[in-house]
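The values are calculated or read from the model by the stated rules, or taken from the named source; none is laboratory data. All figures in this text were calculated on a predicted structure; none of them were measured in a lab. No Cβ is skipped: glycine too gets one built from the backbone with ideal geometry, and neighbour counts run over all protein chains shown.
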Amino acid sequence: MKRRSKERAFHFTTAAEIRAGQVTDVYFERTRQILTAKKIDKHVIMEARVKKLPQGDWGLFCGVHEAIELFQGMPLDLWALPEGSLFQAREPVLLVGCRYREFSVYETALLGFLCQASGIATKAARCVIAAQGRPIYSFGARRMHPAIAPMIERAAFIGGCAGVASVVAARLLGEEPVGTIPHALILVMGDSVSATLAFDEVIDKSVKRVALVDTFGDEKFEALENAELLDSNIYAVRLDTPSSRRGDMLEIAREVRWELDIHGYENVKIFISGGLDEDLIPPLNEVADAYGMGTSISNARVIDFGLDIVEVEGDPVAKRGKESGAKQLYACKVCGKRTIALFTRPLKACPACRGKVEPKLVQFLKQGRLIRELPRPQEIRKRVLSQLPKEL
Ligand SMILES: [Zn+2]
């Protein structure tokens with residue numbers, strides 16, 4: 001059977017189409033046509049911000065490196081919060097100074113970069129806070145379209161995940177991919193212990209041995225059996241108990257911990273995965289040493305950034321419900337208070353304590369030229385972890 005001529009083998013857009021402004025809502029394309037026909041070519045400043053966050057009172061800004069990549073070489077100026085910055089609702093996170101006629105067809109792609117990556121990074125960060133120092137590994141690529149796996153995993157990593165499962169995403173991040181044993185290997189080999197032994201025999205010694213102990217038997221007995229056979233080679237056991245059998249995951253994990261301990265396997269760690277979310281993590285921290293998380297991070301709610309014109313030809317103007325004028329966001333270095341002020345009236349000192357303030361939006365592009373180095377994901381992640389709130 002032949003495919004219909006216009007359908008592609010895989011349903012994703014190409015980098016060339018994004019750069020050509022084809023991933024646009026048609027009304028922006030028509031706007032360009034009209035402005036061209038009417039010979040209107042005005043300079044505007046556009047501002048991105050979110051009115052309301054899906055959860056909590058802060059978000060983690062992510063996706064701006066892709067936006068910078070898209071706009072490099074175009075005649076526009078771009079200021080933004082650096083990748084991995086904390087922000088709050090109503091705060092400006094990005095400003096673009098551009099000729100609107102040429103810019104209009106990029107609005108859709110720009111918001112897409114920011115909304116989804118920020119949603120994932122924020123959710124990952126919330127889970128990382130909930131885990132209180134225990135590593136979280138991102139296993140959720142399988143829930144999303146494969147074309148965007150690298151974006152998802154990068155945002156999860158920047159949000160604080162300790163590693164990602166997807167091979168191509170890990171390679172692009174410059175990290176080793178992280179994984180344990182799938183149920184499929186156990187089913188194909190016949191039992192948990194055979195699979196773990198085969199893994200130990202075949203897979204490079206640098207990869208930690210984590211036995212999966214819930215496929216056929218009871219978690220406690222499979223954990224002990226694996227620990228006895230692999231002895232010092234076993235690093236952890238993973239509990240991925242199906243929800244239909246779960247009852248109380250904490251009780252199951254406690255029991256496994258107890259039995260491992262009294263049999264001399266105090267060093268064997270416990271990984272928990274399967275349907276986790278931030279509210280399920282805190283009680284499990286008592287016994288879990290690490291978590292594998294999928295859907296709740298990869299399918300995180302997007303942050304609904306809007307992009308609005310706030311200046312036309314240097315004059316402040318905005319639609320109803322929106323404050324006009326290009327704005328800078330300041331944070332007080334003494335009391336932490338965040339203040340929004342017009343770019344044209346820079347804030348000299350904190351209005352609350354008169355302390356020194358720091359502008360948070362920084363310029364990345366000057367007429368399309370990158371004027372600031374973009375840090376690697378590892379550096380961004382480190383900074384994120386140092387700045388995250390200690391509790392949700
Ligand atoms: Zn202050």
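Of all the numbered requirements in (1) within 30 Å of R101 (Cβ to Cβ); (2) within 16 Å of the ligand (Cβ to nearest atom); (3) touching a residue at least 60 places away in the same chain (Cβ under 8 Å); (4) surrounded by fewer than 18 Cβ atoms within 10 Å (Cβ to Cβ), D304 misses one, and that requirement is (2). Is there a residue being without any contact (Cβ under 8 Å) to a residue 24 or more places away in the chain and under 23 Å from D77 (Cα atoms) anywhere in the stretch 39-46? Scanning the stretch 39-46, I find at least one residue that is without any contact (Cβ under 8 Å) to a residue 24 or more places away in the chain and under 23 Å from D77 (Cα atoms), so the answer is yes.
Taking first residues from the stretch 313-335 that are among the hydroxyl-bearing types (S, T, Y) and partners that are more than 16 Å from the ligand (Cβ to nearest atom), the Cβ contacts under 6 Å between residues at least 6 apart in sequence or on separate chains come to S324/V310; S324/P316; S324/V317; S324/A318. Reported count of residues in the stretch 96-124, each being buried (at least 23 other Cβ atoms within 10 Å of the Cβ) and among the basic types (K, R), is 1.
If you go through the stretch 146-199 and pick out every residue that is under 30 Å from L385 (Cα atoms) and either in contact with a His (Cβ under 7 Å, 6 or more places away or on another chain) or assigned to a helix (DSSP H, G or I) (or both), you end up with 20.
Listed here are the residues, each with its yes/no results for (1) assigned to a helix (DSSP H, G or I); (2) more than 20 Å from V128 (Cβ to Cβ).
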site	(1), (2)
L224	yes, yes
A227	yes, yes
D231	yes, yes
Y235	no, yes
I252	yes, yes
E255	yes, yes
Y265	no, yes
D277	no, no
P282	yes, no
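Condition (residue is within 16 Å of the ligand (Cβ to nearest atom), assigned to a loop (DSSP other than H, G, I, E, B), over 27 Å from the mean Cα position of the chain (by Cα) and at pLDDT 95 or above) applied to the stretch 355-377: is it met by at least one residue? Within the stretch 355-377, one or more residues are within 16 Å of the ligand (Cβ to nearest atom), assigned to a loop (DSSP other than H, G, I, E, B), over 27 Å from the mean Cα position of the chain (by Cα) and at pLDDT 95 or above.
All of (1) under 15 Å from F87 (Cα atoms); (2) outside any loop (DSSP other than H, G, I, E, B); (3) within 16 Å of the ligand (Cβ to nearest atom) hold for V384 with one exception: (3). When each of A341, A318, A326 is tested for being closer than 29 Å to L111 by Cβ, surrounded by 17 or more Cβ atoms within 10 Å (Cβ to Cβ) and more than 16 Å from the ligand (Cβ to nearest atom), the lone residue that passes is A326. For the stretch 146-161, the set of residues classified as crowded, with 19+ Cβ neighbours inside 10 Å, touching a residue at least 60 places away in the same chain (Cβ under 8 Å) and among the small types (G, A, S) consists of A155, A156, G159, G160, listed by residue number. Can you tell me how many residues in the stretch 344-354 are of a type in the set (K, R) and within 11 Å of the ligand (Cβ to nearest atom)? Here the count works out to 1.
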